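Comments concern the structure below.
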């Protein structure tokens with residue numbers, strides 16, 4: 001805080017009649033508190049040509065005025081989202097998703113969009129899907145040749161995006177990330193061919209083999225072959241890969257889970273809960289990030305979490321951590337307009353914490369997401385029937401069965417005498 005604000009006097013404001021920190025002679029020689037100064041600045045900023053508050057912007061005004069007025073006054077000319085909002089209102093008289101999509105997709109744009117959506121000024125949309133479409137358009141535009149640009153646009157729209165399985169909560173961060181990787185890889189293959197002086201329709205067998213030599217993705221190449229863009233002489237062979245997934249030491253993983261549950265100094269509550277759900281219950285980080293208060297329930301003194309089809313009892317030590325969520329965060333206007341349903345609230349109003357942000361927070365704790373999840377699935381497949389894993393943890397039955405095969409477990413003799421209550425789920429000593 002600047003020294004001027006820190007040493008500001010308490011004045012009897014001539015505008016609101018209340019005592020508060022402010023200036024003694026700022027308002028034409030009269031005392032003026034910081035709260036009234038901030039309100040004047042906000043009202044001027046959000047005013048239309050007639051000097052009235054723009055229609056629909058009352059929630060934004062209220063959210064800004066809920067902030068510390070000194071923060072509003074100090075940061076007004078420094079916060080990029082304020083500048084962007086002012087520019088768009090001055091130039092267009094409104095802010096739309098399309099106008100924000102035309103801006104560089106940086107944090108300030110996403111933050112402003114979240115605030116306006118939460119305030120009801122912009123309609124809700126699947127943000128990951130919308131940003132994926134914008135990304136694809138930008139990548140396609142980078143291709144020089146018109147014919148190859150059309151091929152890449154067709155691949156991005158009708159193969160990559162069209163085959164995405166979008167759940168009720170919209171596209172996940174992982175799905176969007178993988179889709180972007182596929183489109184970027186396809187663009188890379190086109191650039192690779194162009195450097196060799198050939199186009200897609202002139203592709204040769206040695207071009208494909210050299211592209212695949214370093215383990216690059218062949219999804220786009222196979223699609224080109226199926227769509228008959230490649231010459232008939234080009235054959236695509238699938239390189240041999242290891243049959244067993246990469247896993248870690250299950251004993252070390254269980255010990256780390258115990259530390260997360262019992263040692264408050266190891267990390268914050270969010271990271272401890274997310275890490276435990278990943279290490280013990282094999283939950284993808286993208287699914288963890290989108291858990292809501294509705295996924296928790298107290299039944300006869302027991303905490304239950306809905307990860308799959310049926311609610312799952314959790315140990316009391318994990319239940320105590322879950323009761324501490326969500327952790328409220330001071331993110332300015334976004335905090336005042338935040339959706340309180342998320343267990344892991346994000347910096348953007350109305351949105352959960354981004355899966356990549358949560359994943360980055362887990363890595364320093366020794367939790368690589370994919371390896372840790374594989375280890376948990378393999379450990380569970382040894383001791384829990386595939387049907388129970390699928391129902392309790394929200395995993396596809398065929399996937400659970402494949403993990404049982406990898407683990408070498410046979411549940412053909414699994415009978416009613418051994419059937420445990422589905423609500424119990426995996427039993428782990430924590």
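Tell me, in nm to one decimal, what length is gained between residue 383 and residue 90 on full extension, where the rule is 0.36 nm per residue of separation less the Cα-Cα distance?
Using 0.36 nm per residue and subtracting the Cα-Cα distance, I get 99.1 nm.
Quick one: if you stick a label point 7 Å off each Cα along the C-beta vector at residue 202 and residue 300, how many nm between them?
7.5
Roughly speaking, what is the centre-to-centre gap between the stretch 285-305 and the stretch 202-235 when only Cα atoms are used, to the nearest Å?
46
Between residue 232 and residue 177, what is the spin-label point distance in nm, taking each point 7 Å from the Cα along the Cα→C-beta axis?
Placing both labels 7 Å along Cα→Cβ, they lie 4.3 nm apart.
Kindly state, to the nearest 0.05, the FRET efficiency for residue 12 paired with residue 49, given R0 = 30 Å and r defined as their beta-carbon distance.
Values: r = 35 Å, r/R0 = 1.17.
Efficiency computed from Cβ-Cβ geometry: 0.30.
Hey, with R₀ at 22 Å, roughly what FRET efficiency would residue 293 and residue 62 work out to, going by the Cβ-Cβ distance, to 0.05? Before the final figure, lay out the partial values.
Values: r = 24 Å, r/R0 = 1.08.
FRET efficiency, residue 293 to residue 62: 0.40.
Once you have the Cα-Cα distance between residue 125 and residue 320, take 0.36 nm times their residue separation minus that, and quote the gain in nm to one decimal. Before the final figure, lay out the partial values.
Details: separation 195, 0.36 × 195 = 70.20 nm, distance 3.42 nm.
So the extension gain works out to 66.8 nm.
Return the whole-Å distance between the Cα centroid of the stretch 341-375 and the Cα centroid of the stretch 123-175.
24
Within 10 Å, count the other beta carbons around each residue, average over each peptide in 346-357, 216-227, and list them highest first. Mind dumping the intermediate values first?
Working: 346-357: 21.2, 216-227: 17.6.
Listed from highest to lowest mean packing, they are 346-357, 216-227.
Relative contact order for the chain: what is it in percent, counting Cα pairs under 8 Å that are at least 6 residues apart?
12
For the chain, what is the mean residue ellipticity at 222 nm derived from helices alone (per DSSP H run of n ≥ 4: -39500 (n - 2.57); sum divided by total residues; nearest 500 deg cm²/dmol)?
Numbers: 21 runs with 210 residues, N = 430.
The helix-only estimate for the chain comes to -14500 deg cm²/dmol at 222 nm.
Rounded, prolate or oblate for the stretch 78-125? Axes are the square roots of the Cα gyration tensor eigenvalues, ordered a ≥ b ≥ c, and the cut-off for rounded is a/c under 1.5. Display every interim value, and only then the final one.
Details: a/c = 1.38, a/b = 1.16, b/c = 1.19.
Judged from the Cα gyration tensor, the stretch 78-125 comes out rounded (a/c under 1.5).
I need the peptides 274-280, 303-309 ranked by packing, meaning the mean over residues of other C-beta atoms within 10 angstrom, with the highest value on top.
274-280, 303-309
If you stretched the chain out fully between residue 356 and residue 147, how much longer would it get, using 0.36 nm times the residue separation minus the C-alpha to C-alpha distance? If you can, show how the numbers build up before the last one.
On the way: separation 209, 0.36 × 209 = 75.24 nm, distance 3.50 nm.
So the extension gain works out to 71.7 nm.
Pairs of alpha-carbon atoms within less than 8 angstrom and 6+ residues apart define the contacts here; what relative contact order does the stretch 167-251 have, in percent?
Numbers: 38 pairs, mean separation 23.9, N = 85.
About 28 percent, as a whole number.
Round to the nearest 0.05 the FRET efficiency obtained for residue 28 and residue 97 when R0 = 35 Å and r is the Cβ-Cβ distance. List each step's numbers first, then the result.
On the way: r = 42 Å, r/R0 = 1.21.
Computed FRET efficiency for residue 28 and residue 97 comes out at 0.25.
Sorting check: for 161-171, 283-293, which peptide has the highest mean count of neighbouring beta carbons within 10 Å, and how do the rest follow? Mind dumping the intermediate values first?
Numbers: 161-171: 12.1, 283-293: 21.7.
Highest to lowest by the protection proxy: 283-293, 161-171.
I'd like to know how the stretch 3-78 sits against the 2.2 N^0.38 Å rule of thumb: what's its Cα Rg over that expected value?
Working: Rg = 13.0 Å, N = 76, 2.2 N^0.38 = 11.4 Å.
For the stretch 3-78, the normalised Cα radius of gyration comes out at 1.14.
Taking only C-alpha pairs under 8 Å that are 6+ residues apart, what is the relative contact order of the stretch 3-78 in percent?
Values: 88 pairs, mean separation 16.3, N = 76.
Computed value for the stretch 3-78: 21 percent relative contact order.
If you take the square roots of the eigenvalues of the alpha-carbon gyration tensor of the chain and sort them as a ≥ b ≥ c, do you get rounded (a/c under 1.5), prolate (a/b over b/c) or oblate?
Numbers: a/c = 2.73, a/b = 1.33, b/c = 2.06.
Oblate shape, in that a/c is at least 1.5 and b/c is the bigger or equal ratio.
Pop a pseudo-label 7 angstrom from the Cα along the beta-carbon direction at both residue 262 and residue 407 and give the gap in nm to one decimal.
2.4
Taken together, the values in this text are just the output of simple stated rules run on the coordinates, not laboratory data. Remember, it's a predicted structure, so these values are computed and weren't measured experimentally. Methodologically, a virtual Cβ is constructed for each residue, glycine included, from the backbone with ideal geometry; neighbour enumeration extends over all protein chains shown.
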